Amino acid sequence: MDDPGELNVLEDLKNKLDSELDTAQRYQMLRLMKHHLGSQYYAIMDEQWMPRDLLECLENNMPTSQVLTILSHVFGEMQLHNTTSYEPFTDYISKYFMAKGCFNRVDMIGRTKELADVERELEKRRGVCVYGQGGLGKTTLINEVCTR
């Protein structure tokens with residue numbers, strides 16, 4: 001794939017996924033997307049969908065960063081990779097975020113303890129619940145942990 005910092009990463013993923021996923025992989029992606037997105041998206045996800053259709057719908061209904069974060073989770077669970085370069089799609093999305101300066105942030109001031117706490121908990125178990133009042137930086141914290 002091209003340099004992720006230089007192109008519309010969603011458009012590139014639409015093209016790659018439509019051409020590379022077989023029926024079983026599309027079905028697995030559909031199941032995982034339903035799990036991650038919830039029932040409000042079930043109507044658009046029928047058995048005949050193509051990845052492009054789903055990504056276009058998501059792109060029109062949520063920020064690109066949120067779409068890519070969900071896709072990164074799904075691709076990670078599927079262990080999905082590009083068939084020509086064998087690069088995991090999760091790595092491609094991470095490179096895009098890093099090129100845009102979204103992760104590996106130096107402005108995580110005052111979050112050293114929280115970052116260490118979450119990382120330590122993830123070594124013990126499969127998932128960690130981070131909760132709190134809106135606007136405190138929970139999503140930024142978790143995205144940073146995920147890129148380390």
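Determine which single condition Gly76 fails, assuming it passes every other condition in (1) outside any helix (DSSP H, G or I); (2) at pLDDT 80 or above.
Unmet condition: (1).
Which of the residues belonging to the stretch 89-98 are within 15 Å of Leu10 (Cα to Cα) and either of a type outside the set (Gly, Ala, Ser) or not assigned by TED's automatic domain parsing to the domain that holds Leu21 (or both)?
Hits for the stretch 89-98 are Phe89, Thr90, Asp91, Tyr92, Ile93, Lys95, Tyr96, Phe97.
Surrounded by 15 or more Cβ atoms within 10 Å (Cβ to Cβ) and modelled with pLDDT under 80: is that true of Leu37 in this structure?
Here the answer is yes, as Leu37 does meet what is asked.
The values are calculated or read from the model by the stated rules, or taken from the named source; none is laboratory data. All values derive from a computational prediction rather than experimental measurement. So basically every Cβ, Gly included, is an ideal-geometry build from the backbone, and we count neighbours across all protein chains shown.
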